[in-house]
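Structure first, then comments.
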Amino acid sequence: MQFTAQQIGILLDGSVDGNPEDTVNQLAKIEDAQSGSLSFLANPKYEHFIYQTNASIVIVNKDFVASGPIKPTLIRVENAYTAFSLLLQQYNSIKLNKKGIEEPCYIHPSAKIGKDVYIGAFAYIGADVVLGDHSKIYPQVYLGDNSSVGSGCTLFSGVKIYHDCQIGSNVIIHAGSVIGSDGFGFAPLEDGSYGKISQIGNVIIEDDVEIGSNTSIDRATMGSTIIKKGVKLDNLIQIAHNVEIGSNTVIASQAGVSGSTKIGPQSVIGGQVGIVGHINIAKGSQIQAQSGINRAIVEEDKKWAGSPASSFNDQMRAQVIFNRLPEMQRKIDELERKLKEFTK
Amino acid sequence: MQFTAQQIGILLDGSVDGNPEDTVNQLAKIEDAQSGSLSFLANPKYEHFIYQTNASIVIVNKDFVASGPIKPTLIRVENAYTAFSLLLQQYNSIKLNKKGIEEPCYIHPSAKIGKDVYIGAFAYIGADVVLGDHSKIYPQVYLGDNSSVGSGCTLFSGVKIYHDCQIGSNVIIHAGSVIGSDGFGFAPLEDGSYGKISQIGNVIIEDDVEIGSNTSIDRATMGSTIIKKGVKLDNLIQIAHNVEIGSNTVIASQAGVSGSTKIGPQSVIGGQVGIVGHINIAKGSQIQAQSGINRAIVEEDKKWAGSPASSFNDQMRAQVIFNRLPEMQRKIDELERKLKEFTK
Amino acid sequence: MQFTAQQIGILLDGSVDGNPEDTVNQLAKIEDAQSGSLSFLANPKYEHFIYQTNASIVIVNKDFVASGPIKPTLIRVENAYTAFSLLLQQYNSIKLNKKGIEEPCYIHPSAKIGKDVYIGAFAYIGADVVLGDHSKIYPQVYLGDNSSVGSGCTLFSGVKIYHDCQIGSNVIIHAGSVIGSDGFGFAPLEDGSYGKISQIGNVIIEDDVEIGSNTSIDRATMGSTIIKKGVKLDNLIQIAHNVEIGSNTVIASQAGVSGSTKIGPQSVIGGQVGIVGHINIAKGSQIQAQSGINRAIVEEDKKWAGSPASSFNDQMRAQVIFNRLPEMQRKIDELERKLKEFTK
């Protein structure tokens, strides 16, 4: 695909500053861009790159004033970052615009398949599955019996959705993630062994959720594990049975949430965080990477850190002193010595 | 499936207290139950729910005495929790009662397949594999050459068993878990690169083990990585080469056990725990979530916490003071100031 | 396969000390070896095993002098460990010498397939894929459109390579690992939801890299996430978008590297380590398990520990005192009491 500055200017409703016939055929960061690349400058911190870049066309904010000579053609728009993001999105929606049903795949006769879907080879669509319009089921995906996937979804290669689980619309799930495996529930028996507590619930994933690769979300013992609208989960995350994640909450890679815990909406959970079971985390909580949350968070919109976690500021102060512990011990020894001298 | 109170009473060997003709068609928690649901009350803590629930039938302990009016029909049994667990189990064993061989799947002519098995589409059964009776191999599972799976097992979609690995009977493995990938063994070479140490051992998983989703268990360099009878592993766990996990040990999500470590039986390991290699962990050890175990645990049946870990009680005491470090520093500064005044 | 001591002596360029007609048919550790096993002794620490072992043949260093009677036939070589490693490698290269194309598999007509490859059943090879000579693609692997895999690679069952990603030569990737899932990039919108930032870059994996099972490596937003020559990654690792891992760096299980961070060559990162985004880690850094790295590491070849991390020695000193905090508090209380008495 090749575009002129003029075409891009029209697409983005921007004005061209330079040669409207300059062409580009790829997107690149301004610092890496080669001739033939389209790039952008939004953050003034990176302004120096615009005087060195080999990009052929650069999208800038409308009010950008150059403080030196510039080689590329500029396209001036209301918001350079938003405009460029839009281009990335267009690029991918053209690139990943798969359709049709590849053979061999397995579609149970009772499954209901929507319009304009993609079903890749070796995908498995079980009994009574409902698959919405325009959804893409990549090769080797598994949709268990009676599961449902809404419209406009993308399930990448190897995603596994267990029976009875419900996926909303415009959901993206990356390769290797597992939705609906059994919750970890066992009852200790008298002989020291454990009896399995059957997990008959399901997982409900609401609209506009994105889930990274190799993440595990367990089905509820009874009822549902629920991932609410707009939640974004990174890779390798553990969501245990009967958990609820509030809308628009973001969780970074390798974090784990234990059973029956409810996380409020608009929260931000860092990487490798661990959260115990059976607690509530208030709306808007921000939890630093590697923290361990061992009790409920009641106050909204607060920052937390440490394992076990305390308020972010308290934790920062304590951590600073932790590093000075040897010095502190020397001072105490010195105080003891002096006081002893004194009391001789 | 629809059942009357009378039918359930007979099934559970309990007595019906209310209308024996009341019917239910689903199982639910007492606090969530709708009309037509069967629920249970075991823990007195939740007794208040029984006066509000919409459940049609509730299983209670034989000696339960109501302190107010109750709408649902009761079924009185020896142990309400056990009785309800049994129903969950029955429900799932009917629901997941898959049989037969779906096409296309790949079964090497030299494989020995037991009676009454389920083999899902796109499953791969390699050369010389032995698969026991009544086992269920879900779609897209891989059984490498010369691996074996006992009887009564369930391997959910996408499980990968490498060559030569041995799975016992009544084992459940959830989607995406990998058994028998190479141990992480490399020898540093003079040019700074690493030479691979070939891993020619295997993994042995004994009877009654359950393994969650996306867990990795590496094969031994030589000999076997062994998961003993009755072990329960959660999701996203790392078990390195030549590890041994003792019988009935339970490990929570995202924990990791390094190479050649042996964990005693009846231990409980929390989520995100890390354990170094080449050590023994005594029988009955209980390790708190996020702990880091960096040396052998010799005493049996003790609790540990922290990273690096110490005894649970010591760790709790130290953590309380950690949070008071800024206050402690102020006190030391004050002591120094006073003592200086004094010695003027 | 059965070999005589004489044959092995010739293969390893060693001298036979004992009966050259003794035969072996398996490899085993000296402490576990049964009759018919070939074993080795390299580390003097394990010398006592050679006087008890049931191994039929043991490889030893040329200069080994027995201090007691020995049953097995010895083969004396320059370096017993290296010689034995070589045998392990030969054993596996014969054992895993798969070739040919199993049916059914999906190979897009535009894909270019090299010579002497193995492609397992249910593998998916997308449009414009290039697969090098002698590479092994196990069952249920996915190679997305326009991805490439060099020569001499092994991708075990269920590996997923997204579109446009490039895998070098002699690369090993274990089951369930995902290369090229979307980076975790979202822009907060005014209504509290998040807009996806499309990830149009790729992942480049250079030659001689090995990647364990269930590891996730995200594609770059633009440009490439790069895993350089000779890197060894363990299981369940998270590599975020636009990360670069320097050559011959080794990362243990369950570690995570956040977006745009660059790790220098020859580094060693322990298990469950977390590293924040947008920083550089100097060449030769050694980071202890469970550490949290929250800022750049500038000095080369240093050891780090703790979360947040400090220099290894400082951290060790502080941790020792952490365990003595209750004692330290008692001392401070005592000092305050004494000083008060004094100033009465």
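Key figures
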read-out	value
Sites A:Asp13 and C:His278, calculated FRET efficiency, Cβ-Cβ separation with R0 25 Å, nearest 0.05	0.20
16 Å Cα-Cα reach of C:Lys112 towards lysines, excluding residues that sit fewer than 8 places from it in its own chain	C:Lys136
Distance between region C:261-306 and region C:313-344 - C-alpha centres, whole angstrom	33
Projected area, mean over directions - the protein assembly as shown, Cα convex hull, nm²	51.7
Lysines with Cα under 27 Å of A:Lys338, excluding same-chain neighbours fewer than 8 positions away	B:Lys331, B:Lys338, B:Lys340, B:Lys344, C:Lys331, C:Lys338, C:Lys340, C:Lys344
Within region B:158-201, backbone nitrogen closer than 20 Å to the virtual label 7 Å beyond the Cα of C:Lys62 toward Cβ	B:190
Label-to-label distance, nm, for residues given as A:Glu190 and C:Asp116 (7 Å Cα→Cβ offset)	6.4
Chain C: calculated mean residue ellipticity at 222 nm from DSSP helix runs of at least 4, using -39500 (n - 2.57)	-5000 deg cm²/dmol
All-pairs alpha carbon distance profile, region C:255-344, 10 Å steps from 0, percent	17, 38, 16, 13, 11, 5, 0
Normalised contact order of chain A, rounded percent, pairs of Cα under 8 Å and 6 or more residues apart	6
The protein assembly as shown: antiparallel DSSP beta bridges as a percent of all, rounded to 5	15
Calculated FRET value between C:Val298 and C:Asp32, using beta carbons and R₀ = 45 Å, to 0.05	0.45
Virtual paramagnetic centre 7 Å along Cα→Cβ of A:Phe3, amide N under 13 Å, in region A:17-35	A:23-28
Rounded to whole Hz, the Karplus (6.51, -1.76, 1.60) HN-Hα couplings of region A:52-61, x for glycine and proline	10, 4, 9, 4, 7, 9, 10, 8, 10, 5
DSSP beta bridges in chain B [antiparallel fraction, %, rounded to 5]	15
For chain C, the Rg and Dmax computed from alpha carbons only, in angstrom	26.9, 95
Between region B:215-250 and region A:63-93, the Cα center-to-center distance that results, in Å	53
Environment charge of B:Gln315, counting only residues whose C-beta is closer than 14 Å and scoring Lys/Arg +1, Asp/Glu -1	+3
Net charge, C:Asn97 excluded, C-beta distance under 13 Å - Lys, Arg +1, Asp, Glu -1	+2
Average other protein chain Cβ within 10 Å of Cβ, residues B:208-221	6
GNM result for chain A, Cα springs below 10 Å: residue of A:Ala33, A:Ala175, A:Ala127 fluctuating most strongly	A:Ala33
Amide proton proximity set for A:Glu244, modelled H, under 5 Å, gap of 5+	A:Ile226, A:Thr261, A:Lys262, A:Ile263
Spin-label pair C:Val130/B:Asn43, simplified geometry with 7 Å Cα→Cβ offset, distance in nm	6.0
Formal net charge of residues neighbouring C:Gly14 (Cβ-Cβ distance under 10 Å; K, R +1; D, E -1)	-1
Residues whose placed amide H lies under 5 Å from that of B:Gln290, excluding near-sequence neighbours	B:Gly271, B:Gln272, B:Val273
Using θ = phi - 60° and Karplus 6.51 cos²θ - 1.76 cosθ + 1.60, couplings along region C:274-279 (whole Hz; Gly, Pro as x)	x, 10, 5, x, 6, 10
Spin-label proximity, A:Gln52 to region A:1-29 - amide N less than 17 Å from point 7 Å beyond Cα toward beta carbon	A:29
Listed residues C:Gly176, C:Gln315, C:Ala187: farthest to the positive end of the dipole of region C:100-316 (Cβ charges)	C:Gln315
Relative contact order, percent, region C:3-95 [alpha-carbon distance under 8 Å, six or more residues apart]	27
Relative contact order [Cα under 8 Å, 6+ residues apart], region A:228-344, whole percent	15
Choice from B:Gln26, B:Gln315, B:Gln286 showing the highest fluctuation, given a GNM over chain B with Cα pairs closer than 10 Å	B:Gln26
For chain A, built as a Gaussian network whose Cα springs stay under 10 Å, the top-fluctuating residue of A:Gln288, A:Gln319, A:Gln34	A:Gln34
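No lab work stands behind these numbers, since they all come straight from the coordinates. All figures in this text were calculated on a predicted structure; none of them were measured in a lab. Using ideal geometry, Cβ is built from the backbone for each residue, glycine included, and neighbour counts are taken over all protein chains shown.
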